């Protein structure tokens, strides 16, 4: 396990021996369960202003949807209303039903309306028996009064390397992004933020006739869930948070966290790949493996590498490889493909390069800039990005470069400080590419009644959906079914063979189905 700047709250080195039986056995002895919230039968929910209609998907031909009107600004509840679109699949056993389970897939910018169908393929029967599965598109996203700023592809680009000669252009693109959003949405734009999305969640709870809310949030969805627990602690029931965000880092410092954590993952990967030189041929020592990578970056700077119809310059290699370094087998496969492509060979399996959809970029920065005030002086970004490019060469300049938030209006209300004792369950991989380990320890420190299930040497983004640690999944299932938390923060291990599998995803599709557990 990697060393941490901040200690994991309840897991000390000496505790590992006590946790050993948990690494493949039953869930830990349970803390006392919170009393179940009285459930309201589905038939009694219809009169509360929701008009349900069929909205079938391939995964859920029985999915039903409804539109909920909520205030744009909750401080002015009689003012302008916006739409929040919700969906539902009823619990499969009315006799066992205990409430609703609401999902958020992350982002910010991820739509969630179709998640109940995907979740039904993922969750065990015991969970499906007990909960109506509820999806929703958060405000500003998908079918819920979307925020779309009319961006060009250049403006919508999220990750930009810092270069002195291109910084003025980067600044102009960031400024144009903010101005286009402001022109389209005016002062109302500042109300598309996480605090109001959490309030929308509570409006969904009330509209469904439930006294408490059960929730499953992934990635950004963990921050959304944490904010909900802070605003509505007495209405928070079973809160499952997978791949945590540290609420104290929102948002600039959370983005910058990618730089030092990627360096750690990079050096860990070079050691692993060197030990497997016979398989990958990337170098017999960690230094040789690192040299192979940086030689390709420099070569691509002189002449971009073509692979599978994609063009890789040095910056593209750094940004596309960054999340892969957290999954060592995947990074090795990607670099082999790039190395062969540079030699003129036809290849498959080069790192993906995805254009950013305009609506996703609009929603991402609207929420990110609306949650916290960012520095407004472009020169401060240039100084920090130039410094971080030297200090953290793989990704430091990307993580610190200027964003549209430099030109955003001031936030509508202060950033939420999370500090509560709600009994949530946090799942996290030690080597998570998108929400690195300090994010998990930070959220655990903020949520003092929670428990953290950490997958020791777990790789990639997303624990439950990847199914790479059956130990972690058992803890989550037990919590959703019984409400019991582990007695203390807990270590799990990945299942045998996971680390050597190059077919592992870098990050899971949002609640992608896999074989359902019974």
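Here, each number is a calculation from the coordinates, and none is a lab measurement. All figures in this text were calculated on a predicted structure; none of them were measured in a lab. For neighbour counting, all protein chains shown are included, and Cβ atoms are generated from backbone atoms with ideal geometry for every residue, glycine included.
For a Förster distance of 56 Å, can you work out the FRET efficiency between the beta-carbons of residue 278 and residue 354, rounded to the nearest 0.05?
Approximately 0.95, to the nearest 0.05.
Quick one: compute the contact order of region 364-468, relative version, from alpha carbon pairs under 8 angstrom and 6+ residues apart, as a percent.
Numbers: 140 pairs, mean separation 25.4, N = 105.
The value is 24 percent.
Over region 195-308, calculate the relative contact order: mean separation of alpha carbon pairs under 8 Å at least 6 apart, over the residue count, as a percent.
It rounds to 16 percent for region 195-308.
Report Rg/Rh for region 214-322, rounded to two decimals, where Rg is the Cα radius of gyration and Rh the Kirkwood radius.
So for region 214-322, dividing Rg by the Kirkwood Rh gives 1.17.
Going by a ≥ b ≥ c, the root eigenvalues of the Cα gyration tensor, does region 335-408 fall in the rounded group (a/c under 1.5), the prolate group (a/b larger than b/c) or the oblate group?
Oblate, since a/c reaches 1.5 and b/c is not below a/b.
Kindly provide the pair-distance distribution of region 95-135 built from C-alpha pairs, with 10 Å bins from 0 and whole-percent values in order of increasing distance.
That works out to 30, 51, 17, 2, in percent per bin.
Starting from the Kirkwood radius over alpha-carbon pairs of region 67-204, derive D by Stokes-Einstein at 20 °C in a medium of 1.002 mPa s and give it in µm² s⁻¹.
Translational D for this selection: 124 µm²/s.
When a footprinting reagent is the concern and you count Cβ atoms within 10 Å, what order do 339, 125 take, fewest first?
Neighbour counts put them in this order, fewest first: 125, 339.
Per residue of the chain, what 222 nm ellipticity follows from adding -39500 (n - 2.57) for every DSSP H run with n ≥ 4, rounded to the nearest 500?
-11000 deg cm²/dmol
Once label points are set 7 Å from the Cα along Cα→Cβ at both residue 93 and residue 313, what is their separation, rounded to one decimal in nm?
Each label point lies 7 Å from its Cα, and together they span 5.9 nm.
Above 14 Å lies some portion of the pair distances; for region 153-224, what is it as a whole percent of all C-alpha pairs?
Tail of the P(r) past 14 Å holds 73 percent of the pairs.
To make sure I understand, if each residue's beta carbon is the centre and we count other beta carbons within 10 Å, what order do 123, 231 fall in, fewest to most?
231, 123
Sketch the reach of a paramagnetic label on residue 75 as a point 7 Å from Cα along Cα-to-Cβ, and name the residues of region 215-244 whose backbone nitrogen lies under 18 Å away.
Label zone hits: 231.
Hey, how much of the P(r) for region 102-183 falls beyond 20 Å, as a percent of Cα pairs?
53
Using only Cα atoms, locate the centre of region 362-378 and the centre of region 449-472, then give the distance between them in Å, rounded to an integer.
30
What nm value, rounded to one decimal, do you get for the distance between residue 253 and residue 379 when each label is placed 7 Å out toward the C-beta?
Roughly 2.5 nm, to one decimal.
Would you please state which residues of region 329-373 a label at residue 182 would reach in this model, taking the label point 7 Å out along Cα→Cβ and a backbone N cut-off of under 20 Å?
The answer is 361-373, whose backbone nitrogens lie closer than 20 Å to the label point.
Once R0 is set to 45 Å, what does the formula 1/(1 + (r/R0)^6) return for the Cβ-Cβ distance between residue 291 and residue 409, expressed as a FRET efficiency to the nearest 0.05?
About 0.45, to the nearest 0.05.
Once you have the Kirkwood Rh of the chain from its Cα pairs, apply Stokes-Einstein at 4 °C and 1.567 mPa s and quote D in µm²/s. Could the numbers behind the result be given before it?
Details: Rh = 23.8 Å.
Stokes-Einstein gives a translational diffusion coefficient of 55 µm²/s.
Which values of log₁₀ I(q)/I(0), to two decimal places, follow from the Debye formula for region 342-462 at q = 0.17, 0.21, 0.23 Å⁻¹ with a uniform point scatterer at every Cα?
Here log10 of I(q) over I(0) equals -1.24, -1.28, -1.25.
Let me check against my output: what whole-number percent is the relative contact order of the chain, with C-alpha pairs under 8 Å and at least 6 apart?
21
What length, rounded to one decimal in nm, is gained on full extension from residue 417 through to residue 166, with 0.36 nm per residue of separation minus their alpha-carbon distance?
Additional length available on full extension: 86.7 nm.
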